[in-house]
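Participant: The structure follows.
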Amino acid sequence: MSPRAGKKETTDHPPIFPASLAKEADLKEEEWKVYELVVRRFFATFAGPSIWETMRLKLDIEGEEFRANGARLLEPGWRWYYPYNAPEDRLLPELKEGDVLKVIKKEMLDKETQPPGRYGQGRLINIMEELGLGTKATRHEIISKLYSRAYIHGNPVQPTNTSFAVMDTLEKYSPTITKPDMTKLLEENMDKIAEGKIQEDTVLEESREMLKQVFSELDKNRDNIIESLQAGLREDKIIGNCSLCGNELMIRRSKRGSRFIGCSNYPNCTFSLPLPKSGQIIVTDKFCETHGLHHIRIINQGKRAWDLGCPQCNFIEWQKAQQEEQAQQPKKRKTQVHQRPRRRGKSHRRKT
């Protein structure tokens, strides 16, 4: 048997395939998950197709047309080896044209249209491939840089206020750099150079001209770009409004470098909340109705993200935990020992 070929052929790096037998007991949990994923994917490329039986119904109810779709898996094929995200059977009864059905129940639902779901990292990589941005070997690195620079967070991916500020600023003052056309053209020209279809000097000269235009736009609007980006960065530090004076609460740094949430009305208002010493602080869209503050997410490289939640709720819970811990500690009794003063030297009585 030969493996199935995909729609596109890439030569930037070879595929990953199992090279030797491994046992689950010999590997760590994370290592075994990666190994199992690679092996299952490898076997699935040699397996046959999965076969489904589908059914589409058109129902007429008092002149209104309703539709229903059903599906049943007949042969799992490659899905037997690679069961991730497998669709479930949607079984419908056996019907033929002209059958009369009885309406058992009617239900009127009042719904609103919902926004489309956010992109996951996998979907984001697919879109980058469709737009011709990067290669298979570099796309994941591009996304990693967006995370490390606090332009995005979470999965599904969510943009930060900083990313909005950067995009709005560049679209206004240097729109060329925000479009995928320039990057796509460079990627295509690099491939043509490798294939010998175009000369390297031609591509370099064309690239220089495009970059000159970009730098000219950036230099011309330097002051406006700085002002716009600073406003966006400031907005990304706002947590909410102070419960004491109503001014903005922001992420700040002390003279010693420690981080805290402080009031912009300082020194007139000294309200503050503590923050963890390490980790990247992300202000999320979630909102605490009790205290009117945005939830905070702490990201440490190489560790799972920590959803701190509302900083004020978290601080109150921490205070309660501290008080309970102190109350449970046994009280030490203070004992005082009074010693009789020692006489020094001999005492003499004077007779009169």
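Participant: Please work out if ARG56 is open to solvent by 80 Å² or more (accessible area, probe 1.4 Å), assigned to a helix (DSSP H, G or I) and either touching a Gly at 6+ places or on another chain (Cβ under 8 Å) or not small (Gly, Ala, Ser) (or both).
Facilitator: No, not satisfied.
Participant: Answer yes or no: is there a residue in region 178-185 that is open to solvent by 90 Å² or more (accessible area, probe 1.4 Å), of a type in the set (D, E, K, R), under 30 Å from the mean Cα position of the chain (by Cα) and at negative phi.
Facilitator: The answer is yes, given that some residue of region 178-185 is open to solvent by 90 Å² or more (accessible area, probe 1.4 Å), of a type in the set (D, E, K, R), under 30 Å from the mean Cα position of the chain (by Cα) and at negative phi.
Participant: Please go through region 206-232 and pick out each residue that is acidic (Asp, Glu) and either open to solvent by 90 Å² or more (accessible area, probe 1.4 Å) or closer than 28 Å to THR160 by Cβ (or both).
Facilitator: Result: GLU209, GLU217, ASP219, ASP223, GLU227.
Participant: Within region 80-99, does at least one residue satisfy the condition of being open to solvent by 100 Å² or more (accessible area, probe 1.4 Å) and touching a helix residue (DSSP H, G or I) at 6+ places or on another chain (Cβ under 9 Å)?
Facilitator: Yes, that holds for at least one residue.
Participant: Consider GLU317 carefully, then state whether it is at pLDDT 50 or above, in a helix (DSSP H, G or I), farther than 23 Å from ILE251 by Cβ and among the charged types (D, E, K, R).
Facilitator: So GLU317 does not fit the description; no.
Participant: If we only count strands (runs of 3 or more DSSP E) wholly inside region 234-289, which ones have 1 or more residues that are within 28 Å of the chain's Cα centre (by Cα) and touching a residue at least 60 places away in the same chain (Cβ under 8 Å)?
Facilitator: 238-241, 280-288
Participant: List every residue pair whose Cβ atoms sit under 6 Å apart, with the two residues 6 or more apart in sequence or on different chains, where the first one lies in region 110-138 and is part of a loop (DSSP other than H, G, I, E, B) and the second, anywhere, is open to solvent by 60 Å² or more (accessible area, probe 1.4 Å) and among the aliphatic types (A, V, I, L, M).
Facilitator: GLY134/ILE142
Participant: Here is a follow-up. Residue by residue through region 142-169, note down the ones that are in a helix (DSSP H, G or I), open to solvent by less than 40 Å² (accessible area, probe 1.4 Å) and free of Cβ contacts under 8 Å to residues at least 24 places away in the same chain.
Facilitator: Within region 142-169, ILE143, SER163 qualify.
Participant: Is region 91-112 home to any residue that is aliphatic (A, V, I, L, M) and under 30 Å from ALA47 (Cα atoms)?
Facilitator: Among the residues of region 91-112, at least one is aliphatic (A, V, I, L, M) and under 30 Å from ALA47 (Cα atoms), which makes the answer yes.
Participant: Let me ask something additional. Consider LEU74 against the criteria (1) in a loop (DSSP other than H, G, I, E, B); (2) open to solvent by less than 100 Å² (accessible area, probe 1.4 Å): it satisfies all of them except one. Which criterion is unmet?
Facilitator: Here LEU74 clears every test but (1).
Participant: Looking at this structure, is ILE193 free of Cβ contacts under 8 Å to residues at least 12 places away in the same chain, under 19 Å from THR138 (Cα atoms) and in a helix (DSSP H, G or I)? First the steps, then the outcome.
Facilitator: Values: free of Cβ contacts under 8 Å to residues at least 12 places away in the same chain: yes; under 19 Å from THR138 (Cα atoms): yes; in a helix (DSSP H, G or I): yes.
Against the criterion (free of Cβ contacts under 8 Å to residues at least 12 places away in the same chain, under 19 Å from THR138 (Cα atoms) and in a helix (DSSP H, G or I)), ILE193 qualifies.
The values are calculated or read from the model by the stated rules, or taken from the named source; none is laboratory data. Not measured: the values here are computed from a predicted model. Neighbour counts run over all protein chains shown; Cβ positions are idealised from the backbone, glycine included. With ligands, DNA and RNA removed, areas are computed over all heavy atoms of the protein, side chains included. Shrake-Rupley method; radii C 1.70, N 1.55, O 1.52, S 1.80 Å.
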